[in-house]
Amino acid sequence: MMYQILTEVSRWAIPLLLLIIPLYGALRKVPVYEAFVEGAEEGFTTAIKIIPFLVGMMLAISVFRASGAMEMLSSGLRPLTGFLGIPPEILPLGFMRPLSGSAVLGMATELMKVYGPDSFVGRLASVMQGTTDTTFFILTIYFGSVGVKKYRYSIITGLSADICGFIAAVYICHLLFK
């Protein structure tokens, strides 16, 4: 019963928002279409402004993976992670998550094809996606779009949160799925 209710709410949430927001704006006498066009124009300008940052980020990710640095780092940490109960297959996910969400999604999909979505590795990959974030991507895009140049503490904070999320994912998965 509750599942059916949540399914229906999910099905209608976005169409209702797309109806309610312009309706609310029109009732408050906001020129809705003009505001939309103005926002779209600002979004396009921002997208053009962040392209160099995005290209640099994608280049750094490609170099990190192609150079073998990710595999070398994973191999060096395998004894420690084995002791901590972290499957070695999940390490590349942990290293790539702060860099690129789409790369990690592809890696997680591959892990699920090999080990299955209901395996410990598949479930851990899924939980990791929800407990960590694309720190460098966020800093590159959002800070680059508004011109922030000094974001050292943001990197430290973001990576600390990613490490905590990774540890929490491992702990929770061991608690629930082992």
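The values are calculated or read from the model by the stated rules, or taken from the named source; none is laboratory data. These numbers were taken from a predicted model, which means no experiment stands behind them. Quick reminder, even Gly has a Cβ in these numbers, built from the backbone with ideal geometry, and neighbours come from all protein chains shown.
Annotations
- Out of Y115, Y142, sole residue that is farther than 27 Å from L176 by Cβ, free of Cβ contacts under 8 Å to residues at least 40 places away in the same chain and not hydrophobic (A, V, I, L, M, F, W, C): Y142
- When each of A168, A125 is tested for being surrounded by fewer than 20 Cβ atoms within 10 Å (Cβ to Cβ) and in contact with a helix residue (DSSP H, G or I) (Cβ under 7 Å, 6 or more places away or on another chain), the lone residue that passes is A168.
- Helices (runs of 4 or more DSSP H) contained entirely in segment 1-112, each with at least 1 residues that are at pLDDT 85 or above, surrounded by 14 or more Cβ atoms within 10 Å (Cβ to Cβ) and of a type outside the set (A, V, I, L, M): 2-27, 69-84, 91-96
- Verdict on A108 being under 22 Å from F166 (Cβ atoms), touching a Ser or Thr at 6+ places or on another chain (Cβ under 9 Å) and not aromatic (F, W, Y): yes
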